[in-house]
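The values are calculated or read from the model by the stated rules, or taken from the named source; none is laboratory data. What you see is a predicted model; the values in this text were computed from it and never measured. Don't worry about glycine lacking a Cβ; one is built from the backbone with ideal geometry, like all the others, and counts go over all protein chains shown.
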Amino acid sequence: MSVSDYWHLQKLDSTGHSRRQQLDAAYHWLQEQPPNYAKINDVEISDEELPQLQTQLLDNWQQGQMAIALLCLRCLVSHAILRACLQLVSQFGDSYQFASTDLLPFVLDDDGQPLGAYQPLGVHIVETYTPGKTSLEGWAGHLTRNHSELNQFLIERGLYRVSDWAILNDTRIEQLPKILGEFHRLTASEIDAAKVLLDSYHRVYRRDRLQLSKDRKRGRCQVPSDRQLQAIDPKTPPRIALSQLRQLAYWLRQYRIYVRGGAPPAVSLDSEDGWERAAPERSDSEIQQDEFLQIYHQQFETALAEAMTVTLQAYYDKLHRKQPVKADKFLKALHLFHCEGKAMKAIAPQVGLTNQVQVTRLMNLRRFRADVRSELLTRLQSRLPDTVLAFTSPEQLMKIGDYLDALLAEEGDRLVAEAESEAKIPYNRAANSRFAQQLCASLRHLNSSKSPLLTPPC
């Protein structure tokens, strides 16, 4: 962050882009404030002086109601609003087809003029800020990312930024037959199992949330601990229970997107350098973020490869126990569909089936993708904390744990949405999605290494 952010306002122009405008009133006032923060040529002041300046401005405004101090803070907050939008674009813009010009009109609404009846978001951010709990910039980013109109726009694009655990926590059991039966076409036995799981989740999770609220603010829903998972299903290992809960949350998430007017994205691309292209300036924290993202992407690819192999093995074993021939047909159908781009109608005779419907049932792609997603998120959940600790403290990791969990859920949604979109292409389909590419790579590896997938399980 530069000290000049206190007298430059990020302002929306007529094209929907942001432009940096110097506010002379803020600049000249800061020149008069000791120790002359508005230095010539925008020389950076020390890291110790910047918090002092922010504290001074907050004190001036809160105690004296000085409009000029508030104006300086409005300038600072406008940069944080812009960064939050650019980060959303960098993370999800390509996959969900939106740009900064789509987001900024919702939140970058301060023109720097004296306040009237309308209150810009930047003013609301300053007025609701509580020093000591977080930074002003962090609070601005939080309110920007959770802006109601902005989030409604994202939902309409298919992006629902709520953690799996919050979704499970506020879903009523009586809703499951409609959501899982009518919308997702699950069987009656699968719906009954989901009811039992959700009821047990509510009994354990809500009890612990209520107990937590007696001591302090509950905050956002956290990932269930191993102790909670064991209490939810004593007969199932915690990792498996976590996977089952994630899968149920995924189905509920897709339904919520649908009823809120959202739809899966038409195209989904993963761009590692999106933040570098979008960000107008790069601070030390942004450089550190890039380093973290690079490590995260490496871990994501490794976890995806492992999740794909484990899920393929599980499906093969289950089918082989019942009908060995059907297990081989399943693998061949996956290869023909994803790796060779064959239509299901053309696949049917090649795997000994009579029609497209039988191929659809054999592959059960919706269920298969959901299982891969669940396994992927479980593996990432176990890896990510160690990675984050290289960039932050254990205390901070505890505070942002729920946020990281929500991001992982969104990443899993993007992976599946990308695969679903690609699968809808009837002809000349190429394996461009990460899901399809990894599936084909896993199939090739299993064939070349003579994996247990090619032999009957013990």
Scanning for something in a loop (DSSP other than H, G, I, E, B), touching a helix residue (DSSP H, G or I) at 6+ places or on another chain (Cβ under 6 Å) and touching a residue at least 40 places away in the same chain (Cβ under 8 Å), does the stretch 145-155 turn up at least one residue? yes
Would you call Ile45 at pLDDT 80 or above, of a type in the set (Val, Ile, Thr), under 19 Å from Ser4 (Cβ atoms) and over 33 Å from the mean Cα position of the chain (by Cα)? no
Top-ranked residue of the stretch 302-332 - restricted to ones that are among the small types (Gly, Ala, Ser) and out of contact with any Lys or Arg (no Cβ under 9 Å at 6 or more places or on another chain), ranked as nearest to Ser421 (Cα to Cα): Ala305
Give me the pairs: first residue in the stretch 436-457 and assigned by TED's automatic domain parsing to the domain that holds Val416 and closer than 17 Å to Asp328 by Cβ, second residue modelled with pLDDT under 50 and in a helix (DSSP H, G or I), beta-carbon distance under 8 Å, and six or more apart or on different chains, which are they? Leu446/Leu453; Leu446/Leu454; Asn447/Leu454
Between residues in the stretch 97-112 that are over 21 Å from Leu23 (Cα atoms) and touching a residue at least 60 places away in the same chain (Cβ under 8 Å) and residues that are of a type outside the set (A, V, I, L, M, F, W, C) and buried (at least 19 other Cβ atoms within 10 Å of the Cβ), which pairs lie under 7 Å by C-beta distance while being six or more apart or on different chains? Gln97/Arg157; Gln97/Pro265
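Please state which one of Ser442, Ser451 is over 27 Å from Cys221 (Cα atoms) and modelled with pLDDT of 75 or more. Can you show your working first?
Details: Ser451 fails: modelled with pLDDT of 75 or more.
Ser442 is the lone residue from the list that is over 27 Å from Cys221 (Cα atoms) and modelled with pLDDT of 75 or more.
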Criterion first (among the polar types (S, T, N, Q), in contact (Cβ under 8 Å) with a residue 12 or more places away in the chain, crowded, with 24+ Cβ neighbours inside 10 Å and part of a helix (DSSP H, G or I)) does Ser90 satisfy it? no
Options Pro224, Pro177: the member that is outside any helix (DSSP H, G or I), at pLDDT 85 or above and not assigned by TED's automatic domain parsing to the domain that holds Val89: Pro224
When Ala67 is run through (1) surrounded by fewer than 21 Cβ atoms within 10 Å (Cβ to Cβ); (2) under 23 Å from Gln113 (Cα atoms); (3) modelled with pLDDT under 85, the failure sits at (3)
Criterion (under 26 Å from His320 (Cα atoms), at pLDDT 65 or above and within 17 Å of the chain's Cα centre (by Cα)) met by exactly one of Ala417, Ala436, Ala409, Ala370: Ala370
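Yes/no matrix, rows are residues, columns are (1) at pLDDT 50 or above; (2) farther than 20 Å from Ala307 by Cβ; (3) in a loop (DSSP other than H, G, I, E, B):
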position: Leu198; (1), (2), (3): yes, yes, no
position: Tyr205; (1), (2), (3): yes, yes, no
position: Ala241; (1), (2), (3): yes, no, no
position: Arg246; (1), (2), (3): yes, no, no
position: Arg256; (1), (2), (3): yes, yes, no
position: Pro264; (1), (2), (3): no, yes, yes
position: Leu269; (1), (2), (3): no, yes, yes
position: Glu286; (1), (2), (3): no, yes, no
Please work out if Ile232 is surrounded by 20 or more Cβ atoms within 10 Å (Cβ to Cβ) and touching a Phe, Trp or Tyr at 6+ places or on another chain (Cβ under 6 Å). yes
Note: among Trp61, Trp7, just one is within 29 Å of Asp102 (Cβ to Cβ), modelled with pLDDT of 75 or more and among the aromatic types (Phe, Trp, Tyr), namely Trp7
Quick one: which of Leu108, Leu154, Leu103, Leu121 is hydrophobic (A, V, I, L, M, F, W, C), surrounded by 14 or more Cβ atoms within 10 Å (Cβ to Cβ), within 24 Å of Thr15 (Cβ to Cβ) and within 15 Å of the chain's Cα centre (by Cα)? Leu154
So which residues in the stretch 25-34 are part of a helix (DSSP H, G or I) and either in contact (Cβ under 8 Å) with a residue 12 or more places away in the chain or small (Gly, Ala, Ser) (or both)? Ala25, Ala26, Tyr27, Trp29, Leu30
